[in-house]
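Below is one structure, written out as structure tokens, with a few remarks after it.
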Amino acid sequence: MSKTLRYCLFIVLTSVLSLQAGTFTNDFNSGQPAGTAVYGNPAGTAYVDSTGGPDGSGCLKMTSAVNSVFAGFIMDDLDAGATINSFTATFQVVLGGGNPGTADGFSFNFAGDLPDSTMTEDGAGTGITVEFDTYDNGAPDEIGIDVRWKGAIIATSAMPIASLLTWPAYADVLIQLTTNGTLNVSYNGATIYTNLSLTGFVPMQGRFGFGARSGSVNENCWVDNLGITTSPMLLP
């Protein structure tokens, strides 16, 4: 096979795989994005607002400083039912400003069985959940960033509450699933997990979503500048 033909085949294959990859990018400046659903309990407590973002523009307000509210934000399947073997998610979030105290945090989720409803900081589904917990409900629960895989906690990183609450400044978040079935997580410039193994991981289909809640104390949990890119499973 000539070098020219090999190069042409490489370009074609790269183009096909690029078309298959799922992407979502939104700054929430133009209202609720197409292909998404926002859930709040009580109704209307979670919504996309035109103010509140890091630059003063729009953002997704999961919870505000109100007691006993639940929120969910679900995206349509970015890959139309196809299985993926990796993804990279980046976003900005601000936590804090509660009165009194602060609670309870939020979750980032990827699973094939996410509900069309609100979720808590513990997440939902039998896929991947990264839990940002801002309230200690008693052992074994603690403040910090946990990872759940197939519904069970597989890693806990306890943190001082001041490291999670950055109100009113936004924190940068990176959550990355690699093709090796490992997870990388960073929060506000700090590396939380590197190459955390998800035992038994195989390429999977699913949707992405956030959950959040407050209880007898509360906090603002606002999200902005969300970007997700997936990689499709490569066929033999």
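So what's the projected area for segment 157-234, the Cα convex hull averaged over all directions, in nm²?
6.9 nm²
Which ³J(HN,Hα) values, rounded to whole Hz and listed in residue order, are derived for segment 48-55 from phi using the Karplus coefficients 6.51, -1.76 and 1.60 in 6.51 cos²θ - 1.76 cosθ + 1.60 with θ = phi - 60°, glycine and proline given as x?
With the stated coefficients, segment 48-55 comes to 8, 10, 7, 9, x, x, x, 9 Hz.
Taking the solvent-accessible surface of protein heavy atoms with a 1.4 Å probe, what is the per residue accessible area of segment 70-196 in Å²?
Accessible surface, normalised per residue, equals 38 Å².
By how many nm would the segment from D76 to Y47 lengthen if fully extended, with 0.36 nm per residue of separation less the alpha-carbon distance?
In short, 8.7 nm is gained.
Obtain the nm distance between the two label points defined at D116 and N180 by a simple spin-label model: each point lies 7 Å from its Cα along the Cα-to-C-beta direction.
Placing both labels 7 Å beyond Cα along the Cβ direction yields 3.9 nm.
Once Lys and Arg get +1 and Asp and Glu get -1 on their Cβ, which of T178, L165, Y193 lies farthest toward the positive end of the dipole of segment 136-231?
So the residue we want is T178.
Would you kindly state how much longer the chain becomes between S157 and A34 on full extension, computed as 0.36 nm times their sequence separation minus their alpha carbon distance, in nm to one decimal?
40.8 nm
Tally up the carbon and sulfur contribution to the accessible surface of segment 68-164 as a whole percent, 1.4 Å probe, everything protein left in place.
The value for segment 68-164 is 51 percent carbon and sulfur by accessible area.
Note down the nm distance, to one decimal, between modelled labels 7 Å out along Cα→Cβ at T90 and at N188.
Distance between the two pseudo-spin positions: 2.0 nm.
The values are calculated or read from the model by the stated rules, or taken from the named source; none is laboratory data. Please read these numbers as outputs of a predicted model, since none were measured by experiment. Every residue, glycine among them, receives a Cβ derived from its backbone with ideal geometry; neighbour counts consider all protein chains shown. We work out accessible area using only protein heavy atoms, side chains counted, and drop any ligands, DNA or RNA first. Shrake-Rupley method; radii C 1.70, N 1.55, O 1.52, S 1.80 Å.
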